[in-house]
Amino acid sequence: MNVTRIAVLGVALVAGAGAFFMMMNGDKKAPAPAVQAVQEKSVRVLVADKDFQRGERLTADAIKWVDWPEKALAEAYITEATGGDPAELEKAVARTTIVKGEPIIEAKIVRAGSSGLMAAVLGPGMRAVTMRITPETGVSGFVLPGDRVDIYYSETNNNNVTKTDLLLEDVRVLAINTVYSENPEAPVIEGANATVELSPSDAEYFITTRASRGEMSFALRSVFTPEEGQTQARRDGSVKVIRYGRS
């Protein structure tokens with residue numbers, strides 16, 4: 001093979017390689033410029049940080065501010081821009097169920113001190129009635145809102161014989177005086193009045209009995225249900241029992 005042929009083959013090889021390289025890179029498009037995402041406007045909205053049941057009290061540590069899309073903002077939402085203050089909702093009560101992450105709106109809460117507060121705490125179909133208590137009849141002030149009690153009625157006849165009847169069992173205490181907070185760490189409340197939750201028929205019986213000359217007393221119930229066989233037998237006697245819900 002002479003020098004001329006070698007030179008021709010070399011040139012052809014280089015030309016072919018160049019053509020192949022240009023063909024492979026010629027179809028590549030220039031990279032498209034990066035599109036910068038448009039940041040969506042948001043508003044600070046007050047939401048529940050836990051589930052609240054009807055009648056449950058709101059606390060400052062159970063509500064929080066979150067960023068909420070401005071386009072999804074409803075007029076009823078409480079926002080920082082409108083002057084919302086979580087401290088103002090302390091001790092407010094849920095009028096209905098509020099789920100975690102749901103915005104707080106006025107239609108679903110009753111603020112402390114408002115006229116509808118006790119009605120929001122009451123269970124459906126129940127009634128609130130009040131009785132006077134003393135340290136002796138109110139378990140020395142250890143009965144707190146949210147506790148459950150038995151209510152006894154004592155009356156002394158003309159022969160100076162006192163008879164005690166069990167009127168109602170497992171009754172929910174709604175408030176002592178005007179305190180309705182279910183806070184077991186609160187100081188002892190030495191109240192003069194106690195408000196309890198009763199069915200309409202029990203409320204009627206309660207009011208009739210309250211008007212008599214005897215005295216009503218609380219017996220505080222344990223928060224724990226006794227195991228089978230642990231309940232102590234009651235002494236024999238004439239005791240009238242009307243169970244919660246009336247029987």
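Coordinate-derived values only; no laboratory data. No experiment lies behind these values; they were computed from the predicted model shown. Every residue, glycine among them, receives a Cβ derived from its backbone with ideal geometry; neighbour counts consider all protein chains shown.
Annotations for the structure displayed:
- Cα-based convex hull, segment 42-119, per residue volume (Å³, whole number): 81
- Segment 123-220 - Rg over Rh from alpha carbon coordinates, Kirkwood radius: 0.98
- Taking Cα centre as origin and charging only the Cβ of basic (Lys, Arg, +1) and acidic (Asp, Glu, -1) residues, the dipole magnitude of segment 54-179 rounds to 280 debye.
- Full extension of the chain segment joining residue 161 with residue 201 gains 11.5 nm, where the gain is 0.36 nm per residue of separation less the Cα-Cα distance.
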